[in-house]
Amino acid sequence: MPFRNRYTGLIDKYRDRLPVHDDTRVISLGEGNTPLIRLNNIPATLGRDVDIYVKYEGLNPTGSFKDRGMTMAVTKAVEEGSKAIICASTGNTSAAAAAYAARAGIAAFVLIPEGKIAMGKLAQAMIHGAVVIQIKGNFDAGMQIVKDVAAHAPVTIVNSINPYRLQGQKTAAFEIVEELGAAPDYHCLPVGNAGNITAHWMGYSEYHENGIVNNRPRMVGYQASGSAPFLRGHMVDNPETVATAIRIGHPQSWDKAWKVREESEGWFDECSDEEILAAQKQLTEKEGVFCEPASATSLAGAMRDIKSGKIPEGSKIVCTLTGNGLKDPETAIRQCENSGVMVTVEATMDAVKGAILDNME
Ligand code: F0G
């Protein structure tokens, strides 16, 4: 019968690879199955013959890859009888937690760093009815408090230290392999807590061990220079970056991520805020893809490593775009100030015609 192929979310799709039972009540918003877009214009500007794909995770239901982990974490929390979830967040986790808790009919408590989360993310947490606790401190301080509180209150932590989160997130690697017919040569991601790079490696490795694919990519993690503990080789106490999503100095998956680097023969590197913003703008202007600043870190780093030859010609590269550009409209608008793309004129045909002719290339 036609029209039966309805996509109902990643737990239903990958049921046999995830820790759920036949009678588990699945809390889903139809997450996963995101576009893998081949870049048409940027590779030529690099002067190298490479294939770059972006995995547009910003098209998940709440606009970030967190939905992959949150559908699993909330499904399991509900299965285990939990009535409330809690997380610390730079914004996206709080948005996903708030939405999936609403879907499940349970409470969500989210700790966010005051003044340091993008407007769209704050709006999401609030409108879904989470209790938003702003702290006068950064993500790392919030994470510590969440761990302490959860030991004393009946709440389930849904940060990526919750193992179900990584189980859900590994499915992004499955999708990429299925679409490309093999693993890429390189997979580049922005790194904050390093949960996502760890989850992707789990996914690739699972398909490899099961003989579904016979290669695995080198995993490359890029951090913002002001928040780059993996580059410094130690925790960073006062992380800073315009990419607030990855403004993290004490990554929760520290040991796991070093292992990923070693096993995959990949590397970590850093990008300046200027490089991150330039990559975000290039992607919007040259490819029509709008991601948030943190997400552009993967492409910023990859472009540099392609130009230098560290990523060789002939390579197939996937860059994960972790979050939607609409999450952070303020940074996007700031990027375009003084660029001449907005002009104000009288409401007449002549004035508008003048504006068009003045701005024709
Ligand atoms: N990109 C975006 C848009 C994110 O929101 C995050 C993490 C990352 C990358 C880094 O992923 O932590 O697995 O290495 N955001 C978390 C949050 C910390 O609270 O939303 P990671």
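The values are calculated or read from the model by the stated rules, or taken from the named source; none is laboratory data. In this text, all values refer to a predicted model and were calculated from it rather than measured experimentally. Cβ sites come from the backbone with ideal geometry, for glycine too, and all protein chains shown count toward neighbours.
Y186 fails exactly one of the following numbered conditions: (1) more than 16 Å from the ligand (Cβ to nearest atom); (2) of a type outside the set (S, T, N, Q); (3) surrounded by fewer than 24 Cβ atoms within 10 Å (Cβ to Cβ). What is the number of that condition? (3) is the only condition that Y186 fails. Within the range 72-128, being on the phi > 0 side of the Ramachandran plot and surrounded by fewer than 23 Cβ atoms within 10 Å (Cβ to Cβ) holds for G81, G105, G115. Look at (1) farther than 26 Å from K170 by Cβ; (2) assigned by TED's automatic domain parsing to the domain that holds I197; (3) among the charged types (D, E, K, R) and you find that D269 fails only one, number (1).
Scanning for something away from the ligand (no atom under 16 Å from the Cβ) and of a type outside the set (S, T, N, Q), does the range 316-328 turn up at least one residue?
Initially, the range 316-328 is screened for residues away from the ligand (no atom under 16 Å from the Cβ), giving 316-317.
Of the ones still in play, those that are also of a type outside the set (S, T, N, Q) are 316-317.
Checking the range 316-328: at least one residue is away from the ligand (no atom under 16 Å from the Cβ) and of a type outside the set (S, T, N, Q).
Just one of (1) more than 9 Å from the ligand (Cβ to nearest atom); (2) closer than 21 Å to V26 by Cβ; (3) in a helix (DSSP H, G or I) fails for M126. It is (2).
Enumerate the helices (runs of 4 or more DSSP H) found wholly within the range 180-293, keeping only those where 2 or more residues are small (G, A, S) and under 20 Å from the mean Cα position of the chain (by Cα).
On the way: elements: 195-209, 229-232, 254-264, 273-287.
Answer list for the range 180-293: 195-209, 273-287.
Please work out which residue is nearest to R68 (Cα to Cα), limiting yourself to the range 146-168 and to residues that are of a type in the set (A, V, I, L, M) and either modelled with pLDDT under 95 or more than 14 Å from the ligand (Cβ to nearest atom) (or both).
Initial filter on the range 146-168 (of a type in the set (A, V, I, L, M)): 146, 149-151, 153, 155, 157-158, 161, 166.
Filter once more, so that each one left must be either modelled with pLDDT under 95 or more than 14 Å from the ligand (Cβ to nearest atom) (or both): 149-151, 153, 155.
Working: V149: 25, A150: 23, A151: 25, A153: 26, V155: 20 Å.
Result: V155.
Put simply, of T284, T322, T344, T331 the only residue that is at pLDDT 95 or above and either outside the structural domain of G226 (by TED's automatic domain parsing) or buried (at least 24 other Cβ atoms within 10 Å of the Cβ) (or both) is T322. A count restricted to the range 89-105 and to residues that are under 12 Å from A123 (Cα atoms) and either free of Cβ contacts under 8 Å to residues at least 12 places away in the same chain or within 6 Å of the ligand (Cβ to nearest atom) (or both) stands at 2. One residue alone among T284, T244 is polar (S, T, N, Q) and more than 14 Å from the ligand (Cβ to nearest atom), and that residue is T284. Might you check whether a residue that is assigned to a helix (DSSP H, G or I), outside the structural domain of Y204 (by TED's automatic domain parsing) and surrounded by fewer than 23 Cβ atoms within 10 Å (Cβ to Cβ) occurs anywhere in the range 149-162? Yes, there is a match, as at least one residue in the range 149-162 is assigned to a helix (DSSP H, G or I), outside the structural domain of Y204 (by TED's automatic domain parsing) and surrounded by fewer than 23 Cβ atoms within 10 Å (Cβ to Cβ).
In this structure, I276 qualifies as β-branched (V, I, T) and touching a residue at least 40 places away in the same chain (Cβ under 8 Å). Just wondering, is there one or more residues in the range 67-86 that are near the ligand (Cβ under 10 Å from one of its atoms) and of a type outside the set (G, A, S)? No: zero hits. The requirement of being closer than 29 Å to I42 by Cβ, crowded, with 18+ Cβ neighbours inside 10 Å and among the acidic types (D, E) is fulfilled somewhere in the range 252-271, by at least one residue.
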